[in-house]
Amino acid sequence: MHANTVYARFERVEDATGLDPQQFHALTELLLATDLSNGTGYQQVNISAERSER
């Protein structure tokens, strides 16, 4: 993939989300949001239920 293509896609992401994927914190937020929307990211755990099982 050509470098200009990557930068053009970064611009499209920034236009759509308001987040600059070339900035670490924004990229982290975008990746987390992608994981959550795919159902592959953070899974909420009921800690009180786990503790009562022990």
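Quick note: the coordinates plus some simple rules give every number you see, no bench work behind them. As the structure is a computational prediction, the values presented were derived from the model and not from experiment. Every residue, glycine as well, gets a Cβ built from its backbone with ideal geometry; the counts of neighbours run over all protein chains shown.
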Distance in nm between label sites at E11 and L32, each 7 Å beyond Cα in the beta-carbon direction? 2.9 nm
Could you compute the net charge surrounding P21? Neighbours are other residues with a C-beta less than 12 Å from the C-beta of P21; K and R count +1, D and E count -1. -3
